[in-house]
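First comes the structure, then the notes that go with it.
The values are calculated or read from the model by the stated rules, or taken from the named source; none is laboratory data. Quick caveat, the model's predicted, so the values are computed rather than measured. Cβ sites come from the backbone with ideal geometry, for glycine too, and all protein chains shown count toward neighbours. What goes into the accessible areas is simple: the full protein's heavy atoms, side chains included, and nothing from ligands, DNA or RNA. Shrake-Rupley method; radii C 1.70, N 1.55, O 1.52, S 1.80 Å.
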Amino acid sequence: MNEPRRSGTGESHTTALGGVIARIPALAGTHVATEAIGGGITNVNYRVEVDGVSFFVRVPGEESRLLGIDRRREYECTAAAAQSGVGPEVVDFLEAEGVLVTRFIAGHGMSLEEIRRPESIRRVAATLRRLHGGPPFPGTFSPMGAVADYLRISRQAAPLPAAIDSMVDQARAIDRALGAAPPVLRPCHNDLLLANFIDDGRQIWVVDWEYAAMGDPFFDLGNFAVHQGLSDEQEQAFLTAYLGGPTDSDLARLKLMKILSDLREAMWAMVQVSVSALDYDFVGYGQKHFDRYLRQLQDARVPRWLTDAARGT
């Protein structure tokens, strides 16, 4: 099953595009052309060309609040990511509706084959280093906090696994090991799906900052690695490009964050089962991540990763 994009053309939205364009000075011009950008879930997205200059306009869906999305925070994180040179420039923000307007990044989405190439892995690592060393973001993100929130919302309406409480307990044990050597919080994206990378030929950009906040940079690293299906060798190369000389603890933190990432992703899907009207197989998507979460827990190296992560550098 394909990974769902977090933003794109969904069924519900809060504001007509014409009304948005009329309220944004940068979108006023002699020749204005609009194009819907499809393929997503939580937003309705458009490319708006004004006298030859292209902008990206994102109109949020109504259910996004239940997914932990704060539109004001997203706007501020997007602006900070632009300062770091890894995200698009913010042009305007209509706070009442949560409508965000940015410059349109002229580039192409990346395939799995492309992003797994050694040079692409190094380029992604460089992008994430700039992000994590950039201006601070508002708010904080915890993968276990997200899991707890999603579980509370979805418990009554979603087809959760019978063993969900035990699965969450196992995740809490991982979270405790990671917390034994607490990280310095850094600005993080927290949603590094393949669809959120754009290559313009010069650099790899990151878009869709809905879940961004201050957090553990190793969640970004593990989240990227698990979504792109990196091998052990590719993960080692990724960490080396990001850190220079990764330790056993660094590798352990990435590996454990991969596990937490899959549980968070599965629980995200369970919230969508509960609230979304989209014609998408969220049950199947969630089950894929529940299954991968359990498979990762069965890796014989997990006890060593827990020890190495708790020990720190």
Accessible surface, 1.4 Å probe, highest first, among residues Ile198, Ile164:
Ile198, Ile164
Counting sequence-distant residues (5 or more places) and residues on other chains, those with an amide H built under 5 Å from that of Cys188 are Ala213, Met214, Gly215
Computed over the chain: relative contact order in percent, which uses C-alpha pairs under 8 Å that are six or more apart
18
Local electrostatic count, Leu251, Cβ distance below 14 Å [Lys/Arg +1, Asp/Glu -1]:
-1
How large is the accessible surface of Ser142 in square angstrom, using a 1.4 angstrom probe and rounding to the nearest 10?
50
Reported to the nearest 10 Å², Thr240 has, with a 1.4 Å probe, an accessible area equal to 60
Longest principal axis of the chain (C-alpha) makes with the long axis of helix 302-311 (C-alpha) an angle, in degrees to the nearest 10, of 80
In whole Å, what is the distance between the alpha-carbon centres of the range 78-152 and the range 218-268?
17
Ranked by GNM mean-square fluctuation in the chain (Cα springs under 10 Å), the top entry among Gly215, Gly139, Gly286 is Gly139
Asserting the computed 222 nm helical MRE of the chain (DSSP H runs at least 4 long, -39500 (n - 2.57) per run, divided by residue count, to nearest 500) equals -14500 deg cm²/dmol
Gain upon complete extension [Arg103, Arg295; 0.36 nm per residue less C-alpha separation]
65.0 nm
Rounded percent of accessible protein surface that carbon and sulfur make up, the chain, 1.4 Å probe
50
Could you report the chain's accessible area per residue, 1.4 Å probe, as an integer in Å²?
41
